[in-house]
Amino acid sequence: MMNLVSAMETRVSTRTFDGKPLSSEEQAALENLLQDVERAEKPDFLQPVRLTLHTGPGAKMGTFGLITSAAGFLVPAVRNAPFAMESVGYSLELAILGAASLGIGSCWIGGVFSRARANEAARAGKDELVPVIAALGHPASQRSLADRIVTGAAQSRVRKPLSEIFFPIAAQPHGGADAGKEAVSAVQLSAPWDTILEMVRIAPSASNKQPWRIVQVSETPQFVFFMEENYRYNNSLGDVHLQNIDMGIAMCHFDAAAEACGLAGTWQPLAENRGAGSSAEDEKTSTALAFGRSRGWKPIAVWQQKR
Ligand SMILES: Cc1cc2nc3c(=O)[nH]c(=O)nc-3n(C[C@H](O)[C@H](O)[C@H](O)COP(=O)(O)O)c2cc1C
């Protein structure tokens, strides 16, 4: 994949588009991009995600007043299986960042859209879900009133400070009952980790809730990803869990930034997460897990740098 750091830095949600269709060059570039995203290397416990580009004059998705004059939509379909949501977050964000690199604006839509139309556009099978869609197009020069209200309410661009999402903790060899009470050291990251975590910090999330929490045991090249779940918010849409999608987005940003910095790593699943077995438990991970669990966070996955 291309270097996506500048796309991560500059992307913001676009909710008011100029109404112009995508050019045939843009359509072709997007179709190529979707193929690249489908083929890109991803954490191997994620599910494959089929991405459909839905454009043309009839491309309406029942987004009501929220989205104005989109040129089209990206519609992801995934098998309803463990890590389906993280998978959609990861793949659709890769596509959104690629689109941003092509100068195409977008907005994730997880709340109000026609699920029937989205299923139809993706030709979703019986065992597949279309949990979210993304609107695409060229940003209009002036944003609609609804856009300005939503953007204000969702506090676009406003993000938690690093100290609220990243927790470097001291090693505790025996990972005992006190592990969760380990003092958090001041956030002081050396390059390139500062860039990589900054890219996670600025990632988009549903209602800008930024549920990701990342724990690193004293300078080890291992990062444990947790979700600070808002239970009602994340469990009000049946099989769709927007905050697990956010976790996939965070993993995508971490990987894209690590790749841009020339670092390689592997992911292991941690979730006692909707039927997935957990693995990847060593002493360092146990210390990090105890720390996160004592705060009520849900373990999702751990990234380990390849030696
Ligand atoms: C899973 C997910 C679902 C979202 N659903 C909606 C939505 O239904 N409507 C909307 O206007 N924005 C939606 N957003 C966009 C977020 O509000 C936005 O990403 C966040 O406020 C941060 O702002 P930014 O994207 O401009 O950086 C969603 C984002 C994500 C990641």
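The set of residues in the range 63-83 being within 13 Å of the ligand (Cβ to nearest atom) and either surrounded by 22 or more Cβ atoms within 10 Å (Cβ to Cβ) or touching a residue at least 60 places away in the same chain (Cβ under 8 Å) (or both) consists of THR63, GLY65, LEU66, ILE67, THR68, ALA70, PHE73, LEU74, PRO76. The residues of the range 84-116 that are of a type in the set (S, T, N, Q) and surrounded by fewer than 24 Cβ atoms within 10 Å (Cβ to Cβ), listed by number, are SER101, SER114. Which one of PRO211, PRO204 is surrounded by 21 or more Cβ atoms within 10 Å (Cβ to Cβ), under 25 Å from ALA191 (Cα atoms) and near the ligand (Cβ under 9 Å from one of its atoms)? After applying the criteria, what remains is PRO204.
When the residues of the range 214-253 are narrowed to those that are of a type in the set (A, V, I, L, M), touching a Ser or Thr at 6+ places or on another chain (Cβ under 7 Å) and under 27 Å from ARG307 (Cβ atoms), which ends up nearest to the ligand (Cβ to nearest atom)? This residue is VAL224.
Inspect all residues belonging to the range 33-53 and state whether any of them is within 14 Å of the ligand (Cβ to nearest atom) and within 21 Å of ASP255 (Cβ to Cβ). Within the range 33-53, one or more residues are within 14 Å of the ligand (Cβ to nearest atom) and within 21 Å of ASP255 (Cβ to Cβ). Here the condition is being at pLDDT 95 or above, more than 16 Å from the ligand (Cβ to nearest atom) and outside the structural domain of MET251 (by TED's automatic domain parsing); of LEU94, LEU129, LEU102, it holds for LEU102 alone.
Counting only helices (runs of 4 or more DSSP H) wholly contained in the range 58-171, the ones carrying 3 or more residues that are of a type in the set (Ser, Thr, Tyr) occupy 84-101.
Between ALA260, ALA256, ALA271, ALA264, the distinction of being over 20 Å from THR285 (Cα atoms) and away from the ligand (no atom under 16 Å from the Cβ) belongs to ALA260 only.
Taking the criterion of being modelled with pLDDT of 95 or more, crowded, with 17+ Cβ neighbours inside 10 Å and part of a strand (DSSP E or B), would at least one residue in the range 235-242 satisfy it? Yes, because at least one residue in the range 235-242 is modelled with pLDDT of 95 or more, crowded, with 17+ Cβ neighbours inside 10 Å and part of a strand (DSSP E or B). Of the residues making up the range 3-55, those that are of a type in the set (Lys, Arg) and part of a loop (DSSP other than H, G, I, E, B) are ARG11, ARG15, LYS20, LYS42. Is it true that some residue in the range 108-119 is within 16 Å of the ligand (Cβ to nearest atom), β-branched (Val, Ile, Thr) and within 21 Å of ASP246 (Cβ to Cβ)? So far as the range 108-119 goes, yes, one or more of its residues are within 16 Å of the ligand (Cβ to nearest atom), β-branched (Val, Ile, Thr) and within 21 Å of ASP246 (Cβ to Cβ).
The values are calculated or read from the model by the stated rules, or taken from the named source; none is laboratory data. Because the structure is predicted, anything quoted here is derived from the model rather than measured. Every residue, glycine among them, receives a Cβ derived from its backbone with ideal geometry; neighbour counts consider all protein chains shown.
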